[in-house]
1. Step by step: first the residues of the stretch 55-64, then only those that are assigned to a loop (DSSP other than H, G, I, E, B) and in contact (Cβ under 8 Å) with a residue 40 or more places away in the chain, then the one that is surrounded by the most Cβ atoms within 10 Å (Cβ to Cβ). Which residue is that?
2. Mind checking which residues of the stretch 454-463 are at pLDDT 75 or above and either loosely packed, with under 14 Cβ neighbours inside 10 Å or β-branched (Val, Ile, Thr) (or both)?
3. When the stretch 294-332 is examined, which residues are found to be of a type in the set (D, E, K, R) and in contact with a strand residue (DSSP E or B) (Cβ under 7 Å, 6 or more places away or on another chain)?
4. Name the pairs whose Cβ atoms lie under 9 Å apart, with the first residue in the stretch 101-124 and under 16 Å from PRO41 (Cα atoms), the second assigned to a helix (DSSP H, G or I) and aromatic (Phe, Trp, Tyr), and 6 or more positions between them or separate chains?
5. Could you tell me whether GLY79 is modelled with pLDDT of 95 or more and open to solvent by 10 Å² or more (accessible area, probe 1.4 Å)?
6. Which condition does MET397 not pass, out of (1) more than 23 Å from LEU456 (Cα to Cα); (2) at pLDDT below 50, if it passes all the others?
7. Answer yes or no: is there a residue in the stretch 116-125 that is under 21 Å from PHE91 (Cα atoms), of a type in the set (Val, Ile, Thr) and either in a loop (DSSP other than H, G, I, E, B) or open to solvent by 50 Å² or more (accessible area, probe 1.4 Å) (or both).
8. Go through the stretch 140-159 and give me each residue that's within 27 Å of GLY68 (Cβ to Cβ), open to solvent by 10 Å² or more (accessible area, probe 1.4 Å) and of a type outside the set (Val, Ile, Thr).
Amino acid sequence: MKRKSLLWGGMIACIFVLGAMSSWVGAAPPVQSGDNLLQNPGFEGITCRPDSPPGRCYDNWTRDTFNGIPYGEIFTPQGWVTFWSEGPNPFTGDNYGRPECKVIENAGAAVGPPARIRSGAYSVQQFGFYRSIDSGVYQVVGGLSPGAVVQASAYAHAWSCDDDPIEGAYSCGDQYNMLFQVGIDPTGATNPWGPTVVWASGYSYDEYRLIGPVQATVGDSGTVTVFLHALAKWSYKHNDAYWDDASLVYVTPPEPPTNTPLPPPPTITPGPSPTPMSTPTPRPDGAIVHIVQSGDTLYGIALQYGVPVEQIQQLNVGSIPANNWLTVGQELVIAIPEHAPTPPPATPVPTEEPSPPPAEGETTPPETAPVGNSGVCVVAYHDRNGDGFRQDATEEMLPRAVFSLSDANGILAQYTTDGLNEPYCFTGLAAGNYQLELQPPQGYSLSGPGEMYVALGEDGRMDVAMGAQRVGEAATGDESPPEEEQDSEARASSSVWSDILRWGARIGGVLVLAAAAAAAVLFVFSRGRL
């Protein structure tokens, strides 16, 4: 009887264990608590669209860029800022290109192999198609303890190849083409190429590897900036950089304060408070002046110096037009000493006397736009999936689309596409700011922004692709990143199966627990009969 009782007891224990295990199946993993100081370190998102299913976060991106200009091909992960260089590439002799950036979902081609997401549901991808890149994302982290040591790292890998492999999207060519770097600026500055950034570097292709860690001591401001940076030397067809699971943690806390009294502060004659800025350039009268560079915007300059846009506008009345157009080389007063007088209002520009009519037999030469060495090259394409990115294999060029290029004075030139000979380049442009607009052909509507502001330097070139859809052609999402839109069907299927498995596991757990209860009752009755 004792052996029989032990047998029944063991069966009941096993059934209860199986019931508990079945209730665990499909449950979400516990939230890991830690001391990661970054926002959105795994690029999963901070705020999500209300209709996001469990485990997914729609619209988890922004248009934040280092120069303050939004671009249709840049989807920045929330909490971060996209940066890049369009300066000269010493390896090829041409210029680096502005990258495309997007938060990609663990679905479709991103599942792999090779896998483009290391953990969670999302990672961030930056790429240059047939162009080299010098780009990344950064995040400013404040509220830190001055004097403490912090450490940063992130996981990364590249797809680097000049053609399309037969099987899988694997890298080929120069094994040192794509360099990854994780950096910390202990002063909180946001210049990725500044001298105060401390870097850790590495290479990784087709599988995630840890880049870093790198350590730095927090400066007096209590603010640091973390950079994730990728540099591709050659203009390969595929220069794709993937990042996931970034981290910023304390290594050593600051030394605790002692009770030793500090000496009394020296007597200082109060003077004017300087306006905070990154690299002050004072004039003899004490005013801080900024020289406009290629790519500068009024908003970006105000951010750089930590002053309101309105302050720059007020100090430069008469030199900044109402539409805030800036000119490369233009001098802008950022701040003046407190004792300096407020600049007087702008003197109205005198009206020019009309030129006398030409004498009989003479002709008036036509007014021409300033001639330079810069250019803007344009392509209009059929954006079949409405994602704002062009897939060369499936999205053809559009004929009868009209591009208009304007400066502050109005339209400079127009071009109507033929769908065969693009890209077309507006050449001979002087350094400065331009506006590019696209009028889609009849029967099509824009799938993204219809206008773009372009800042050109000397000998600069910018390539722009703008898309349109047929009227009534269904888009796959509300301006969501392309991977999310293209794989919505696969995502829905995956979500359905996950729900089925989860509920099946729960029902199975209930049934097993019920069986355990029945077995317990039988055990009690059997003991009574014995």
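The values are calculated or read from the model by the stated rules, or taken from the named source; none is laboratory data. None of these values were measured; they are calculated from a predicted model. Quick reminder, even Gly has a Cβ in these numbers, built from the backbone with ideal geometry, and neighbours come from all protein chains shown. For the accessible areas, the whole protein counts, side chains as well, though only heavy atoms, and no ligand, DNA or RNA atoms are used. Shrake-Rupley method; radii C 1.70, N 1.55, O 1.52, S 1.80 Å.
1. Among them, the one singled out is ASN60.
2. Scanning the stretch 454-463 gives a single hit, VAL454.
3. Of the stretch 294-332, the ones of a type in the set (D, E, K, R) are 296, 310, 331.
Hits for the stretch 294-332 are ASP296, GLU331.
4. Between residues of the stretch 101-124 that are under 16 Å from PRO41 (Cα atoms) and residues that are assigned to a helix (DSSP H, G or I) and aromatic (Phe, Trp, Tyr), there is no close pair.
5. Values: modelled with pLDDT of 95 or more: yes; open to solvent by 10 Å² or more (accessible area, probe 1.4 Å): yes.
Yes: the conditions hold for GLY79.
6. (2)
7. No, the stretch 116-125 has no match at all.
8. Listed by number, the residues that qualify are GLY142, GLY143, LEU144.
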